[in-house]
Every structure is written in structure tokens, then in C-alpha cells.
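Have a look at the structure below before the remarks.
The values are calculated or read from the model by the stated rules, or taken from the named source; none is laboratory data. Keep in mind it's a predicted model, so treat the numbers as computed, not measured. Note that we place each Cβ from the backbone using ideal geometry, even for glycine, and neighbour counts take in every protein chain shown. Please note that ligands, DNA and RNA were not included when accessible areas were found on the heavy atoms of the full protein model with its side chains. Shrake-Rupley method; radii C 1.70, N 1.55, O 1.52, S 1.80 Å.
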Amino acid sequence: MVRAVMHGCNGKMGQVITGLVKSDEGIEIAAGIDTYTGIPNDYPVFESIEQCGVEADVVIDFSNAQAVDPLLDYCADRKIPVVLCTTGLSEEQLKKVKEASEKTAVLKSANMSLGINLLLKLLKDAVKVLGTAGFDIELVERHHNQKVDAPSGTALALADSMNEAMDGAYEYVYDRSKERKKRDKKEMGISAVRGGTIVGDHEVIFAGADEVIEFKHTAYSKAVFGKGAVEAAKFLAGKPAGMYDMSDVIRF
């Protein structure tokens, strides 16, 4: 039985994962971390990670960027693997993630769903054909009106997967209104929409001469992300130090 600490346990995703774990015989939540303690849970909840002295095999993180630094210090010092799902990290924080992975196992993914991670692989193959053939590439991501970071971490991951497959040939453009000019051939547009209760919608458009090819993933509930995080936690427990991602969990 894997014992996990749920970092951000009283947030929306923390509560989704709490519910999912109740029906999973392979994992249990030993403790939770959240500055808000007004929600009753079946496990002890601490206001900060430093206060948590509960023994655990892994930490699942769905919190916010401000809480990531002390979390990484905690996990690195205690050699506790961490599934890092928080997005919107700064360049300095990403550097700290890399440093933490030298001391403990870190699984970082902008999106935990099976579908998105399959899409990442498909896009790498698609861009080698369509990008070389001169197709223009546009990404449109849509999320609920409470999401702070834009574009989403998943949109950037999708863009990065294609750009890496093309040896960094593309330049990202986030706002076309800033400069009125003809589109560059090596330009990749990324647009963010915020509204209502949209869980997550990512669309990649390859627009060529007289034809358009679209790849799209829609999440209808947060459970798809929670299930992936739970599977990642079970996978990561006991793993040696290093960087991991969902491709290690799914094994396409």
C-alpha cells in the first residue's frame, strides 16, 4: 500500500483525488497539506508542508506556484518522491525542480490525462510531416474563468513537443494584436480563452493550402487528471532520484 501526502488537499483537484483514492486499494492518503482547513477529511491536514511529520512514500501536488518552493525543499531533504502537477512555474522554479530531481524522484507533467499524453506523441509525428510541408500551426486552449495562468501549461507542453520534434524551428506568438504584419512561416500561434466552467479544451490546427487538419482533446471533468495523478503516484513510489513524466507511467 502506497502512502501519499496530498499537497493542496482542500483544493478542487485535491478533493477529487481524495475521492478517487477511497476506491483504490493500492494507495491511501496519509496526510494533507492546505492553508484552508475548513473541509473535514479522513486524514490529518497541516497548514504547511514543514509541519507534516507523517511518514509517506510519495507526495501528490496540486497546489499553486507559491507553494512549490517549500515543497521541493521538503521532498529533496527527506528523499520523498513527488508528483508535481502545479503549473505556471517560473524559470527559477523549473531550475529548482531539476535540482530536486538530483536528490529524489520528481514526476512533472503539465497534464496528467491519458488522452493528452497520447496527443503529445501524435503531434510529434504529425508536425514532422505537416510542418515540413508548410502547414501553419495554431493552438487554442480554453479553460474556466478561475484559471490564472495563460496560456495553460498543457498548451505550452503541446507546443514544445512539436517544436522539439522540429529542432526548435518555431517561434511562439501569443498576441497578434501587438504587431500587425503577415504571418511568418515559422510562427506557432497560441491563444487562450477563459470562461464559464470549461474544464479543459485544447485544439491544435494544421492549416495548409486547401486543407485543414485538427487534433482536439476535451476534458469533461477533473477526474481524468486526478486518476492520472494517482497512477503516477503509485508508479513513482520507491523510484530512484531523477526526472520522470507521464510517458514513463503510461508506457506507450
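Mean separation of Cα pairs under 8 Å and 6+ residues apart, divided by the residue count of region 122-252: what relative contact order is that in percent? In percent, rounded to a whole number, it is 30.
Of all DSSP-defined beta bridges confined to the chain, some 35% are antiparallel rather than parallel. Percent of C-alpha pairs per 5 Å bin in region 17-121, short distances first: 2, 11, 21, 23, 20, 14, 6, 2, 0.
Taking every C-alpha pair closer than 8 Å and separated by at least 6 residues, the mean separation divided by the residue count of the chain gives a relative contact order of 22 percent. Mind checking region 16-95 for trypsin sites (Lys or Arg not before Pro) that DSSP puts in a loop (not H, G, I, E or B) and that have at most 15 other Cβ atoms within 10 Å? In loop regions of region 16-95 (DSSP not H, G, I, E or B), the sparsely surrounded trypsin sites (Lys or Arg not before Pro) are K79.
Percent relative contact order of region 13-54, based on C-alpha pairs within less than 8 angstrom and at least six residues apart?
30
Candidates V54, L72, A126 compared by Cα position along the dipole of region 21-131: farthest toward the positive end lies A126, with charges placed on Cβ. For the chain, hydrophobic long helices are taken as DSSP H runs at least 20 Å long by C-alpha position along their axis with mean Kyte-Doolittle hydropathy of 0.0 or more; these are 114-130. In this Cβ point-charge picture (+1 for Lys and Arg, -1 for Asp and Glu), region 26-139 has a dipole of about 560 debye about its Cα centre.
Which entries of K147/K186; K79/K239; K98/K227; K147/K216; K108/K234 show an alpha-carbon separation above 18 angstrom in the structure shown? Distance filter (> 18 Å) returns K147/K186; K98/K227; K147/K216. Could you tell me whether region 113-199 comes out rounded, prolate or oblate from its Cα gyration tensor? Rule is a ≥ b ≥ c as square roots of the eigenvalues, rounded for a/c under 1.5, then prolate if a/b exceeds b/c, otherwise oblate. Oblate, because a/c is 1.5 or more while a/b does not exceed b/c. Region 46-69 and region 194-212 have Cα centres separated by 35 Å. Find out how many positive minus negative residues lie around G168, taking Lys and Arg as positive, Asp and Glu as negative, among other residues whose Cβ is under 13 Å from that of G168. Neighbourhood net charge equals -3. Semi-axes of the equivalent ellipsoid for the chain, computed as √(5λ) from the eigenvalues of its C-alpha gyration tensor and ordered from largest down, come to 35, 18, 17 Å.
For region 1-109, which GluC sites (Glu not before Pro) pass both filters: DSSP loop (anything but H, G, I, E, B) and at most 11 other C-beta atoms within 10 Å?
Values: sites: E25, E28, E47, E50, E55, E91, E92, E99, E102; in loops: E25, E47, E55, E102.
Filter output for region 1-109: E25, E55, E102.
Each other residue within a Cβ distance under 12 Å of A100 adds +1 if Lys or Arg and -1 if Asp or Glu, for a net charge of +1. In the chain, helices alone account for a calculated mean residue ellipticity at 222 nm of -10000 deg cm²/dmol, with every DSSP H run of four or more residues adding -39,500 (n - 2.57). Looking at the chain, the accessible area is 51 square angstrom per residue; that uses a 1.4 Å probe and ignores ligands, DNA and RNA.
Sum up the charges of everything whose Cβ sits under 14 Å from the Cβ of R78, counting Lys and Arg as +1 and Asp and Glu as -1, but leave R78 out. All intermediate terms of the calculation are to be shown ahead of the outcome.
Values: positive: R3, K79, K103; negative: E50, E55, D57, D73, D77.
So the environment of R78 carries a net charge of -2.
Over the chain, with every protein chain in place, what whole percent of the accessible area is carbon and sulfur at 1.4 Å, could you tell me?
Details: 6390 of 12760 Å².
Heavy-atom surface of the chain belonging to carbon and sulfur, 1.4 Å probe: 50 percent.
Taking the chain as a Gaussian network of alpha-carbon nodes connected by springs under 10 Å, the highest mean-square fluctuation of the residues C85, C75, C52 belongs to C52. Would you work out if region 160-200 is rounded, prolate or oblate? Take a ≥ b ≥ c from the square roots of the eigenvalues of the alpha-carbon gyration tensor; rounded if a/c is under 1.5, else prolate when a/b is larger than b/c, oblate otherwise. Cα axes put region 160-200 in the oblate bin.
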